[in-house]
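Colleague: Next up is a structure, given as structure tokens.
Rule-based calculations on the coordinates, nothing more; no lab input. Every value quoted in this text rests on a predicted model; they were computed, and no experiment measured them. Virtual Cβ from ideal backbone geometry, glycine too; neighbours counted across all protein chains shown.
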Amino acid sequence: MTLATSMASGIIAELKQKQDEKDIWKNSAFAGADSLKLDYSGKIGERFLANICSSEGIPFVYDEDLIDGSGHYDIEILGSKVEIKTARQSANGAFQHEGLRQAGSDYYAFVDLVPEDSTICLTILPTKATNLKEKHPILKRTPHLRKGTSDVYKFDFGAKTHKLAQKAGLAIKITKDTSVQEVGSFLREKITRL
């Protein structure tokens, strides 16, 4: 006699094996990021930039649990408000950035984790030069208004978006050989006191 729960258990084990075979994160230095829930995965980018600033002596204010009523942002860098969006590459190669607002920050910082070669693409866009209602002139992507909202957008990137951003000097590809100093210099160059 076969037990029903044993049958279900066998199906689960088979599907788990298939899922693991297709797991783009399994050999990545960032493998743990894929299992984090959204709020925790978002903290990766926040803490990463805060640690870069701390290490490089860049003035910043960060309190991961502080909610500031003056705007939608995660950290102040050089006196500018920065909204940080962290995305993990999906199986189809997309990086989904949720919850962007047109107002409330001076800069958007997109921290995109790439599992294949354990790299990070850090893109910095000034809020004033980024109209979320239109196709971005350099990135060639159009953010999408979230259903039932008037100012909450989703902005998806892909490998082509990263290449366009890097070519325009809006992004830096962070590899295993990129120093903290290089990332700090990029932040200083892209984020200015307003």
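Colleague: Hey, fewest Cβ within 10 Å first, where do Leu49, Leu15 land in order?
Modeller: Going from least to most buried by this count: Leu15, Leu49.
Colleague: Still on this structure, I have one more. Considering Cα pairs under 8 angstrom that are at least six residues apart, work out the relative contact order of the chain and quote it in whole percent.
Modeller: Normalised by residue count, the contact order of the chain is 19 percent.
Colleague: Most exposed first by the Cβ proxy, i.e. fewest other Cβ within 10 Å, how do Glu182, Glu46 rank?
Modeller: Going from least to most buried by this count: Glu182, Glu46.
Colleague: Please compute the net charge surrounding Thr142, taking Lys and Arg as +1 and Asp and Glu as -1 over other residues with Cβ under 9 Å from its Cβ.
Modeller: Combined, the nearby Lys, Arg, Asp and Glu give +3.
Colleague: Sticking with this one: Can you list residues from other chains, or at least 5 along the same chain, whose modelled amide H is less than 5 Å from the amide H of Gly104?
Modeller: Distant-sequence amide H within range of Gly104: His72.
Colleague: Relative contact order for the range 118-171: what is it in percent, counting Cα pairs under 8 Å that are at least 6 residues apart?
Modeller: Relative contact order comes out at 35 percent.
Colleague: Give, as a single signed number, the net charge of other residues whose beta carbon lies under 11 Å from the beta carbon of Lys160, with Lys and Arg counted +1 and Asp and Glu -1.
Modeller: On the way: positive: Lys140, Arg141, Lys163, Lys167; negative: none.
My count for the surroundings of Lys160 gives +4.
Colleague: Any idea which of Ile12, Leu49, Leu125 is furthest toward the positive side of the dipole for the chain, if Lys and Arg beta-carbons carry +1 and Asp and Glu beta-carbons -1?
Modeller: Ranked along the dipole, the leading option is Leu125.
Colleague: Counting Lys and Arg as +1 and Asp and Glu as -1, each charge on the Cβ, what is the dipole of the range 4-190 about the Cα centre in debye, to the nearest 20?
Modeller: My answer is approximately 820 debye.
Colleague: Rounded to the nearest whole Å³, what is the per residue volume of the convex hull around the Cα atoms of the range 120-194?
Modeller: Residue-normalised Cα hull volume stands at 110 Å³.
Colleague: Just round it to a whole percent: the fraction of Cα-Cα distances in the chain exceeding 21 Å.
Modeller: When all Cα pairs of the chain are counted, 55 percent exceed 21 Å.
Colleague: Next question, about the same structure. Check His97: other-chain or 5+ apart residues with amide H under 5 Å from its amide H, H built from backbone geometry?
Modeller: Distant-sequence amide H within range of His97: Phe155, Asp156, Phe157.
Colleague: By counting other Cβ atoms within 10 Å of each Cβ, how are Val111, Val152 ranked from fewest to most? Mind dumping the intermediate values first?
Modeller: Numbers: Val111 23, Val152 16.
In order of increasing Cβ crowding within 10 Å: Val152, Val111.
Colleague: Let me ask something additional. If I model a spin label at Lys135 and Met7 as a point 7 Å from the Cα along the Cα→Cβ vector, what separation in nanometres do I get?
Modeller: 5.3
Colleague: Please work out the FRET efficiency for the pair Gln19 and Val61, using the Cβ-Cβ distance as r and a Förster radius of 41 Å; give the result to the nearest 0.05.
Modeller: 0.50
Colleague: Filter Lys133/Lys154; Lys133/Lys173; Lys18/Lys160; Lys37/Lys85; Lys43/Lys163; Lys81/Lys163 down to the pairs with a C-alpha to C-alpha distance above 20 Å, please.
Modeller: Lys133/Lys173; Lys18/Lys160; Lys43/Lys163; Lys81/Lys163
Colleague: Distance in nm between label sites at Arg146 and Thr175, each 7 Å beyond Cα in the beta-carbon direction?
Modeller: 3.6
Colleague: Run the simple label-point estimate for Glu116 and Gln96 please: 7 Å along Cα→C-beta, distance reported in nm.
Modeller: My value for the distance between the label points is 2.1 nm.
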